[in-house]
Amino acid sequence: MFKKIGPGVLVAAAFIGPGTITACTLAGVGFGYALLWAMLLSIVATMVLQEMSSRLGIITQKGLATSIKGQLTVRWVRILVITIVLGAILVGNAAYEGGNIGGAVLGLEALFGTNHNTLYPFIIGFCAFIPLWMGNYKVIEKVFLGLIFLMSLSFIITAILTKPQLGLLLKGLFVPSLPNESLLTVIALIGTTVVPYNLFLHASLVNEKWKSKNDLKTARWDTVLSIGLGGLVSSCIIIAAAAMETKEVAGVMDLAKGLEPLYGEAAQYCMGLGLFAAGITSSITAPLAAAYVTNNCFGWNAELKDWRFRIVWLLILVIGVLFLSFDIKPIEIIKFAQIANGILLPVIAILLIWMVNNTKVMGPYKNTMLQNIMGFAIVGVAFFLGLKSVLKVFGLF
């Protein structure tokens, strides 16, 4: 069973970063179990889109950006789309990489204290550098399997320690509700789970793992299992946060401190391990995705050990370490990234659905009616999220 696990693990680890953990923490603290349905909705949406992306990657044996380029015959449209994609992924991942590394640093601080915390960003950067530099997909996959196992175990144990009320938990999971002032939190939960760069990452990674159309069933199983596990981890964070008695929580480590009086130091160490694993996995996948997208957009056909591929991911990683080490807050860059990602998600979702409905590209493996209905429903959500993201940058939401 575990031999069949592949790129889905990297995708799951990619969306469970410090941002997701913080959003889940605030959802649990603010609204208890009431927003678990939003996480379930996010996971289903992610499964649907990521399955389309992986299916496209296996059938075409190309990355998503390469496939899109091949089908956009109008030159100015092709240039515009590729420019938006490159801008969102490269600039966005560079801006957010500092946050990914920062999450892993918080985890180390919980485990080992703050005496040497100035060195932690460089330690995290080095830990991310090693598997990327080795340029071996199988090694990267095994590293992620270990990290996501550690992360899952940490957060599941933390949730179990809180002894959740099963009846309320099931109600929050299957009965949608919108408590007062919860809309922005729902948007945050969906927006931090349905991530545009994961669509590019998944389509490229399946080429490293599988080469035959006969592997489609295995790839689908991998996607559902891995992303389902990611959803379980995110839900466990919400469940753990719901047990907090105080409502004054700014981030995930406040959750660990809040649980300590009830459950001892175990809560802090579990949260620390989980946050470290979440931060470091996102610190690896963000540069990796940027390298794959650049590779596709420029048509390099480069492998993991190619110097051009390495330059891209190394640049993203170094920028992240420097941002965190020197406490640089690239506000304008992050604003640009938010705008670009806000535009990118609905655009890429529409292009992806168009691609997987193209008989010339997909043949008999194109979308079914049910997949299209679900896909267009997700596009509607993606458009709303994108509009909200852009308006928020300009202070209009």
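The values are calculated or read from the model by the stated rules, or taken from the named source; none is laboratory data. It should be emphasised that the depicted structure is a prediction, and the values quoted were computed from it without experimental measurement. Virtual Cβ from ideal backbone geometry, glycine too; neighbours counted across all protein chains shown. Only protein heavy atoms, including side chains, enter the accessible area calculation; ligands, DNA and RNA are left aside. Shrake-Rupley method; radii C 1.70, N 1.55, O 1.52, S 1.80 Å.
Given (1) closer than 24 Å to Val379 by Cβ; (2) in a helix (DSSP H, G or I), where does Pro176 come up short, assuming only one miss?
Pro176 satisfies every listed condition except (2).
Condition first: assigned to a helix (DSSP H, G or I), more than 14 Å from Leu351 (Cα to Cα) and of a type in the set (Lys, Arg). Now tell me which residues in the range 62-92 satisfy that. Give the derivation first.
First, pick out the residues of the range 62-92 that are assigned to a helix (DSSP H, G or I): 64-71, 75-92.
Narrowing the set further to residues that are more than 14 Å from Leu351 (Cα to Cα) leaves 75-76, 79, 83, 86-92.
Within the range 62-92, Arg75 is the sole residue that qualifies.
Yes or no: the range 67-74 includes at least one residue that is touching a residue at least 60 places away in the same chain (Cβ under 8 Å) and hydrophobic (A, V, I, L, M, F, W, C).
yes
Determine if the range 305-314 includes at least one residue that is among the β-branched types (Val, Ile, Thr), farther than 26 Å from Asn207 by Cα and open to solvent by 10 Å² or more (accessible area, probe 1.4 Å).
At the first step, the residues of the range 305-314 found to be among the β-branched types (Val, Ile, Thr) are 311-312.
Checking which are farther than 26 Å from Asn207 by Cα leaves us with none.
No - not one qualifying residue is present in the range 305-314.
From the list Lys211, Lys217, exactly one residue is outside any helix (DSSP H, G or I) and over 16 Å from the mean Cα position of the chain (by Cα). Which is it?
Working: Lys217 fails: outside any helix (DSSP H, G or I).
None of the others qualify; the one that does is Lys211.
Take the conditions under 23 Å from the mean Cα position of the chain (by Cα), closer than 17 Å to Pro18 by Cα and modelled with pLDDT of 85 or more and apply them to Ala95. Does it pass? Let's see the steps before the verdict.
Numbers: under 23 Å from the mean Cα position of the chain (by Cα): yes; closer than 17 Å to Pro18 by Cα: yes; modelled with pLDDT of 85 or more: no.
Against the criterion (under 23 Å from the mean Cα position of the chain (by Cα), closer than 17 Å to Pro18 by Cα and modelled with pLDDT of 85 or more), Ala95 does not qualify.
Among all residue pairs at least 6 apart or on different chains, which show Cβ distances below 8 Å where the first residue, located in the range 192-216, is touching a residue at least 60 places away in the same chain (Cβ under 8 Å) and basic (Lys, Arg) and the second is open to solvent by 10 Å² or more (accessible area, probe 1.4 Å) and part of a loop (DSSP other than H, G, I, E, B)?
Lys211/Gln61
Residues to consider are Phe144, Phe155; find the one that is out of contact with any Gly (no Cβ under 8 Å at 6 or more places or on another chain) and either among the β-branched types (Val, Ile, Thr) or in a helix (DSSP H, G or I) (or both). Full working, then the answer.
Values: Phe155 fails: out of contact with any Gly (no Cβ under 8 Å at 6 or more places or on another chain).
Being out of contact with any Gly (no Cβ under 8 Å at 6 or more places or on another chain) and either among the β-branched types (Val, Ile, Thr) or in a helix (DSSP H, G or I) (or both) holds for just one of Phe144, Phe155, which is Phe144.
Could you tell me whether Ile124 is out of contact with any Pro (no Cβ under 7 Å at 6 or more places or on another chain), of a type in the set (Val, Ile, Thr) and open to solvent by 20 Å² or more (accessible area, probe 1.4 Å)?
Values: out of contact with any Pro (no Cβ under 7 Å at 6 or more places or on another chain): yes; of a type in the set (Val, Ile, Thr): yes; open to solvent by 20 Å² or more (accessible area, probe 1.4 Å): no.
No; evaluated as a whole, the condition is false for this residue.
Given the condition in a helix (DSSP H, G or I) and without any contact (Cβ under 8 Å) to a residue 40 or more places away in the chain, answer yes or no: does some residue in the range 1-14 qualify? Let's see the steps before the verdict.
Within the range 1-14, the first condition is being in a helix (DSSP H, G or I), and the residues that meet it are 2-4, 7-14.
Subsequent filtering for residues that are without any contact (Cβ under 8 Å) to a residue 40 or more places away in the chain retains 3.
Yes, the range 1-14 has at least one match.
Of the conditions (1) open to solvent by 40 Å² or more (accessible area, probe 1.4 Å); (2) modelled with pLDDT under 85, Lys217 satisfies every one except a single condition; which number is it?
(2)
Taking Asp222 and the conditions (1) surrounded by 23 or more Cβ atoms within 10 Å (Cβ to Cβ); (2) free of Cβ contacts under 8 Å to residues at least 60 places away in the same chain, which numbered condition does it fall short on, given that it satisfies the others?
For Asp222, the failing item is (2).
For Leu108, are the conditions met, namely being touching a residue at least 24 places away in the same chain (Cβ under 8 Å), buried (at least 20 other Cβ atoms within 10 Å of the Cβ) and not in a loop (DSSP other than H, G, I, E, B)?
Working: touching a residue at least 24 places away in the same chain (Cβ under 8 Å): yes; buried (at least 20 other Cβ atoms within 10 Å of the Cβ): yes; not in a loop (DSSP other than H, G, I, E, B): yes.
Judged against the criteria, Leu108 is a match.
Which residue out of Gly87, Gly19 is closer than 19 Å to Ser389 by Cα, under 15 Å from the mean Cα position of the chain (by Cα) and open to solvent by 10 Å² or more (accessible area, probe 1.4 Å)? Before the answer, list the steps.
Working: Gly87 fails: under 15 Å from the mean Cα position of the chain (by Cα).
Going through Gly87, Gly19 in turn, the sole match is Gly19.
With respect to Val361, is the statement that it is closer than 23 Å to Thr73 by Cβ, among the β-branched types (Val, Ile, Thr) and under 21 Å from the mean Cα position of the chain (by Cα) true? Even if it seems obvious, please write down each step before you answer.
On the way: closer than 23 Å to Thr73 by Cβ: yes; among the β-branched types (Val, Ile, Thr): yes; under 21 Å from the mean Cα position of the chain (by Cα): no.
When the stated conditions are applied, Val361 does not pass them.
Go through the range 26-42 and count every residue that is hydroxyl-bearing (Ser, Thr, Tyr) and within 17 Å of Gly167 (Cα to Cα). Step through it out loud before you land on a result.
Pass one, the range 26-42, residues hydroxyl-bearing (Ser, Thr, Tyr): 33, 42.
This time we only want the ones that are within 17 Å of Gly167 (Cα to Cα), so: 33.
Final tally of qualifying residues: 1.
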